[in-house]
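Reviewing the structure listed below.
The values are calculated or read from the model by the stated rules, or taken from the named source; none is laboratory data. Quick caveat, the model's predicted, so the values are computed rather than measured. Ideal geometry is used to build each Cβ from the backbone, glycine not excepted, and the neighbour counts take in all protein chains shown. Surface accessibility is based on the protein's heavy atoms, side chains included, excluding ligands, DNA and RNA. Shrake-Rupley method; radii C 1.70, N 1.55, O 1.52, S 1.80 Å.
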Amino acid sequence: DPRILVVGEELSDPIELLTQNRLDGLWNYHFSGLCRSAVLGGSDGFESVVRQMIDCRNLGFPDGAKAVNSITSHDVEGLWNMRLFNFLLRMGVPQSEVFRRIKLGFACLLTAVGIPMMLAGEEFGDQHTRFDENGNVDQSGGKQVDPVNYSLATQPDRADLLAYVSRLVKLRTSHPALGVNDTQFLQVDQNDGKRVFAWMR
């Protein structure tokens, strides 16, 4: 039935499922790791990380309408999968810097080629509270059993983040340029420890 859209989740990103027309779309599992690397700001091949993150066609996807990008999904077990707030703290980012980095992550998610998907609560920096000291889900539960704490959204830093993400969502859903594949990098400056990237959609 052409009215039904079939999107798959397969962690190895088998692009053949798209090129063989077996699926209409596929989760871009690599986006999360690329975005988290970019938000941390330091890795070898940083320019390649950013280019692959912003344009899923650099990962082999034939079209942005076939890639579903997310920073966090329901699979929150393990350091590189946990909620972004928890992840950044675990990676040593000072709490005073965490919300600025989350904003950067959402700017990347909502301007990248592909279909953005958000885990409820990320838009205001919800924390996952059911981890043990090693970052593993404890025995009392994990992923979907840790309910979103909507009361956190009233805290000043989190309310500011929510307003920021809301503006980006409005931009994403109202500006036609963000619905096409065309992406052009206008500037890349990594001199003297800088991480400046400017792209046009």
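Nearest-5 percent of antiparallel DSSP beta bridges in the chain? Given both bridge residues lie in the chain, the antiparallel proportion sits at roughly 45 percent. Note on Ser73: accessible area approximately 20 square angstrom, rounded to 10, probe 1.4 Å, nucleic acids and ligands left out. Assuming charge only on the beta carbon of Lys and Arg (+1) and of Asp and Glu (-1), the dipole of the chain about its Cα centre is about 600 debye to the nearest 20.
Do you know the relative contact order of the chain, to the nearest whole percent, from alpha carbon pairs under 8 angstrom that are 6+ apart? Please list the in-between numbers first.
Details: 297 pairs, mean separation 35.0, N = 201.
Computed value for the chain: 17 percent relative contact order.
The percentage of C-alpha pairs in the stretch 27-69 whose separation is greater than 16 Å is 28%. Summed over all non-identical Cα pairs, the Kirkwood treatment of the stretch 1-63 gives a radius of 12.8 Å. Measuring only protein heavy atoms, the 1.4 Å probe finds Phe99 accessible over about 30 Å². Of Tyr150, Tyr164, Tyr29, the residue with the largest accessible area leads and the full order is Tyr150, Tyr29, Tyr164 (1.4 Å probe).
Which order do Met53, Met200 take by accessible area at a 1.4 Å probe, largest first?
Details: Met53 0, Met200 95 Å².
I get Met200, Met53, largest accessible area first.
Amide H to amide H, with H built 1.01 Å from N, Leu26 comes under 5 Å of Gly8, Ala67, Val68, counting only residues 5 or more places away or on other chains.
Using a 1.4 angstrom probe with every protein chain in place, what is the largest-first accessible-area order of His74, His128, His175?
Working: His74 55, His128 10, His175 95 Å².
Final ranking, largest accessible area leading: His175, His74, His128.
Quote the convex hull volume per residue of the stretch 1-140, based on C-alpha atoms, as a whole number of Å³.
Details: hull volume 18.0 nm³, N = 140.
Once divided by residue count, the hull of the stretch 1-140 is 129 Å³.
Student exercise: in the chain, how many lysine pairs 8 or more apart or on different chains have Cα atoms under 26 Å apart? Before the final figure, lay out the partial values.
Values: Lys66/Lys103; Lys66/Lys143; Lys66/Lys170; Lys103/Lys143; Lys103/Lys170; Lys103/Lys194.
Lysine pairs meeting both conditions in the chain amount to 6.
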